[in-house]
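Let me begin by presenting the structure, written as C-alpha cells, before commenting on it.
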C-alpha cells in the first residue's frame, strides 16, 4: 500500500493578539501583535522543509466570524507558498470562523480545498493515477453547532480515510460543547485517522487505528494555553501511522508554583524566583517565554505579598536580572496564593463568625457550588460574553479562590478589631 506524509494542524486563530498580562514588555510588543501570523509562517515553512504531500487544517483558521483582512492576506500568502511547493491544503471552518461570516473577495490558489457546510464532502489524494487517500470533512455553517457531525462521516472508497472534524470529544471542560461526540463515536466510525480541531491542547486520544489526534493550536494566546504549541507530522505506511509533534510557537506561556515554606525573607524569595526563571529558560531552548509564578504556602511575607506594588517591585527586579543575562524569560505575573503563619483568633466575634460560616459552608459543599458557578460561567460563555473561552477560570482556580477567602477575611477583620 501507498506511503505518504501530511501535516495536521488546527485553530490558527490568525490575527489574534496575545493577551493576559497588564504591561507588555517593549522587546516583545511586536511579537504580541503578530505571533499567530508568525506561527502560520512557521507552519508553512515546516510543510515545505518536510516535503509533505498535503496539509490538513481542522477549523478556526480565523478568530472571528467576520474575518480580519490582515489575517486573510497572511493566509493567502502562505497558501501561495505551499502552491509553489506543490503542497495541497484541505480545510474546514469551525465555530470561530463559520461559513456565514464575511470575507474579502480574494483570489485563492488552486491547491486550496475548503469543505462545504451542507454535508460531509470528500476529496481524493491521487498519485500516479492511484487514489492513495481520501479526506472527508464538513465546515460549520454558523458558530453554534450542536449536531454530532462525526456520525455522518462515511467512507466512499477503500483508500486511507482521513476525517477532518472540529468538535468537542467527550465534553471536554473549558471548551464550548460544539459538534459534540464521544471517543467511542470516533472509534466506531469509518475513518482511519481523525484530524481534530477545537481543543487547543495538543493530545493524542488514540494511537492505534483509528488514530485520533487533537493538533492543538500553533501559538498559545494566553495563560490557559501554556506549554508547547505546534502541529503533527503524520507518516502513513499502508495501515501503519506514525506521528511526531512539531513545536511552532513564537512565544511560549509557562506557569510555575513556588512553595514558600522556609522562605522567610525578601532576599530568599528573590533567589527562589530567579532560580525558577533560570530553569524555565534552560528547558525552553531560548524561545521567548512569558512566565507566571504562583506563590503558595504559609509565610511571614503574607501581608507584603498582598500588596500589588510589592509584587510589581519583585517582578521588576527579577526581569532586570534576566535581561541583563540575555535570558528569554520574562516574569509577567506573580500571583500570591500564600497563607499567613497564624490566623487571628477572632472567629467567635459576631461579624467574623457570620462571614466565616458562609465561607466554611462553601468549602464543605464545594461540589454543589462548583456546579452552580460553572453553569453560570457556561451560560455567559454560550452568550459570547467572553471572547476567548480560555480566559474563564478553571475548577481548580475557583476552588483556590474560595480557599483564600478565610485567611484573608480573618486577617482583615483582625486588623479592624472585628467590629461591625
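So which residues in region 1-27 are modelled with pLDDT of 85 or more, more than 18 Å from residue 244 (Cβ to Cβ) and out of contact with any helix residue (DSSP H, G or I) (no Cβ under 9 Å at 6 or more places or on another chain), if there are any at all?
Hit for region 1-27 is 11, nothing else.
Based on what the data block shows, is residue 151 in contact with a helix residue (DSSP H, G or I) (Cβ under 9 Å, 6 or more places away or on another chain) and over 28 Å from residue 101 (Cβ atoms)?
No.
Please work out if residue 18 is outside any helix (DSSP H, G or I) and closer than 28 Å to residue 196 by Cβ.
yes
Among what's in region 121-165 and is part of a strand (DSSP E or B) and under 28 Å from the mean Cα position of the chain (by Cα), pick the residue that is surrounded by the fewest Cβ atoms within 10 Å (Cβ to Cβ).
Result: 161.
I need the full set of residues from region 89-120 which are over 22 Å from residue 68 (Cβ atoms), in contact with a helix residue (DSSP H, G or I) (Cβ under 8 Å, 6 or more places away or on another chain) and crowded, with 17+ Cβ neighbours inside 10 Å, in order please.
Passing the criteria: 111, 120.
Filter region 28-66 down to residues that are in contact with a helix residue (DSSP H, G or I) (Cβ under 8 Å, 6 or more places away or on another chain) and part of a loop (DSSP other than H, G, I, E, B) and give me whichever is surrounded by the most Cβ atoms within 10 Å (Cβ to Cβ).
61
Could you count how many residues in region 207-224 are at pLDDT below 95 and surrounded by fewer than 22 Cβ atoms within 10 Å (Cβ to Cβ)?
Of the residues in that region, 6 qualify.
Sort out which residues of region 306-321 are more than 15 Å from residue 272 (Cα to Cα) and either touching a helix residue (DSSP H, G or I) at 6+ places or on another chain (Cβ under 8 Å) or buried (at least 16 other Cβ atoms within 10 Å of the Cβ) (or both), and write them in order of number.
Scanning region 306-321 gives 306, 310.
Identify, by number, the condition in (1) within 23 Å of residue 89 (Cα to Cα); (2) surrounded by 14 or more Cβ atoms within 10 Å (Cβ to Cβ) that residue 181 doesn't meet.
(1)
Being under 30 Å from residue 183 (Cβ atoms), surrounded by fewer than 18 Cβ atoms within 10 Å (Cβ to Cβ) and in contact with a strand residue (DSSP E or B) (Cβ under 9 Å, 6 or more places away or on another chain): is that true of residue 239 here?
Against the criterion (under 30 Å from residue 183 (Cβ atoms), surrounded by fewer than 18 Cβ atoms within 10 Å (Cβ to Cβ) and in contact with a strand residue (DSSP E or B) (Cβ under 9 Å, 6 or more places away or on another chain)), residue 239 qualifies.
The values are calculated or read from the model by the stated rules, or taken from the named source; none is laboratory data. It should be emphasised that the depicted structure is a prediction, and the values quoted were computed from it without experimental measurement. Reconstructed Cβ throughout: ideal geometry from the backbone, glycine too, with neighbour counts over all protein chains shown.
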